[in-house]
1. Six or more apart or on different chains, Cβ atoms under 7 Å: show the pairs whose first residue is in region 152-175 and under 15 Å from Asp98 (Cβ atoms) and at pLDDT 85 or above and whose second is surrounded by 21 or more Cβ atoms within 10 Å (Cβ to Cβ) and aromatic (Phe, Trp, Tyr).
2. Against the conditions (1) open to solvent by less than 30 Å² (accessible area, probe 1.4 Å); (2) assigned to a helix (DSSP H, G or I); (3) farther than 27 Å from Ala177 by Cβ, where does Val47 fall short? Just the number, please.
3. Filter region 172-208 down to the residues that are part of a helix (DSSP H, G or I) and in contact with a strand residue (DSSP E or B) (Cβ under 6 Å, 6 or more places away or on another chain), then identify the one that is surrounded by the most Cβ atoms within 10 Å (Cβ to Cβ).
4. Step by step: first the residues of region 11-23, then only those that are modelled with pLDDT under 90 and surrounded by 15 or more Cβ atoms within 10 Å (Cβ to Cβ), then the one that is nearest to Ile67 (Cα to Cα). Which residue is that?
5. When Val83 is evaluated against the numbered criteria (1) farther than 20 Å from Val4 by Cβ; (2) out of contact with any strand residue (DSSP E or B) (no Cβ under 8 Å at 6 or more places or on another chain), which criterion, by number, is the only one it fails?
6. Among residues belonging to region 50-82 that are part of a loop (DSSP other than H, G, I, E, B), open to solvent by 70 Å² or more (accessible area, probe 1.4 Å) and not hydrophobic (A, V, I, L, M, F, W, C), point out the one that is modelled with the highest pLDDT.
7. Just the residues that are surrounded by fewer than 22 Cβ atoms within 10 Å (Cβ to Cβ) and assigned to a helix (DSSP H, G or I), please, taken from region 83-101.
Amino acid sequence: MTVVTAHLFGSRNGYQTLGVAGAIDPADRAELEQLRFGGLSRESEIVELGSHVMGYGRRLPSGQVAISRVLPGGRDDVGRLTVEIVTLVFPRGGTMPDGPALLADRAVWDRCREAALAGGSAGLQMSGHELRQAVATQPGIERVAAYCAARAARGVVNLGSELGVRQLLETLAPSDAASVSWGIGLASVPPWAEACALRQGAVPDGRRPVVTLPATGAAAELVRGRTMQSVLDGDPLVTLKVLLQPVVPMPVSEDQPYYSNVDLAEDWSSVPSESELICWQAEKTRKRHDKLRRWGIIACCVAGALLVAAYYVPPYYVPLPGRAG
């Protein structure tokens, strides 16, 4: 059983906190009072929020994990239809919640809303909806690779569906899954989002690069290789600390792989471009061919020398015992 804080944000005569059940940090409260439902301009879209999931998860300034669902609210003082953002704040060090599954359970959010309106300092007791950490599979690896490629480009990855977001979170270690800022059913891409599943018809604003599946480029290939190696080494969960170690710009020696486990404090500026990888591979292939060519020349010279010796040097016969030479 986990005790969580319930927070309700909405509008009666201006958007503000409408209720809180449990203790909440002032910095976290300020974060939760930010509007996070951009792109909803028609009343019909707001009404659909009752049956179409729109929500997100992220880590708050205090380090706690917050899962929020956007629901239709009432009308404000001038008759406009409003939205309400209901949030569950999970304590640090607790079990990582299964955000995508939690968003789909409407009964949980109705209960959370009622608790926040009632107020009190006891918080809300919850059980279940724990994130099931899974052994890395190919779909999970592809989503982790796309997520890391988006981070490398300082952009966002569109995972396409609620399933894609869940596969990303399940593949990562719990502490890393808690650090991912994600969203499902979003009508637009907020500046804090790193991974999302945009609703049908939503168009990214273009201010940040959007990575889609399958991800391409050096960063994605690097993550795929390291994730597969992590699984082969017996580690069922992958950690961003390992995956986000960038590569060094050039190999130390001819036989050393291009990718190196040198930790550069997650500075992706040293990640090589695809053209750099192609040039380096071509140079490495040329050196190998030069080495083979040198050995071929040496072998031909030795063979020629043996032929010359066989032609000019007279044969040496050893007389057999009992016979005259």
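1. Val165/Trp182; Leu168/Tyr147
2. (1)
3. To start, the set of residues in region 172-208 that are part of a helix (DSSP H, G or I) comprises 174-179.
From the residues that got through so far, the ones that are in contact with a strand residue (DSSP E or B) (Cβ under 6 Å, 6 or more places away or on another chain) too are 178-179.
Numbers: Ala178: 22, Ser179: 15.
Applying the filter and picking the extreme gives Ala178.
4. Applying the filter and picking the extreme gives Gly22.
5. Only one criterion in (1) farther than 20 Å from Val4 by Cβ; (2) out of contact with any strand residue (DSSP E or B) (no Cβ under 8 Å at 6 or more places or on another chain) is unmet by Val83, namely (2).
6. Quick first cut of region 50-82, residues part of a loop (DSSP other than H, G, I, E, B) only: 50-54, 60-64, 76-80.
The next check asks that each one be open to solvent by 70 Å² or more (accessible area, probe 1.4 Å); those that pass are 51-52, 61, 77-78, 80.
Those left that are additionally not hydrophobic (A, V, I, L, M, F, W, C): 51-52, 61, 77, 80.
On the way: Ser51: 85, His52: 87, Pro61: 90, Asp77: 82, Arg80: 85.
Among residues in region 50-82 that are part of a loop (DSSP other than H, G, I, E, B), open to solvent by 70 Å² or more (accessible area, probe 1.4 Å) and not hydrophobic (A, V, I, L, M, F, W, C), the one modelled with the highest pLDDT is Pro61.
7. Ala101
To keep it simple, each residue is scored yes or no on (1) among the acidic types (Asp, Glu); (2) touching a Ser or Thr at 6+ places or on another chain (Cβ under 9 Å).
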| site | (1), (2) |
| --- | --- |
| Val3 | no, no |
| Phe9 | no, yes |
| Ala21 | no, yes |
| Asp25 | yes, yes |
| Ala30 | no, no |
| Glu43 | yes, no |
| Glu48 | yes, no |
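The values are calculated or read from the model by the stated rules, or taken from the named source; none is laboratory data. Worth saying up front: this structure is predicted, and the values here are computed from it rather than measured. With ideal geometry, Cβ positions are generated from the backbone for all residues, glycine too; neighbour counts draw on all protein chains shown. Accessible surface is based on the protein model in full, side chains and every heavy atom, while ligands, DNA and RNA are left aside. Shrake-Rupley method; radii C 1.70, N 1.55, O 1.52, S 1.80 Å.
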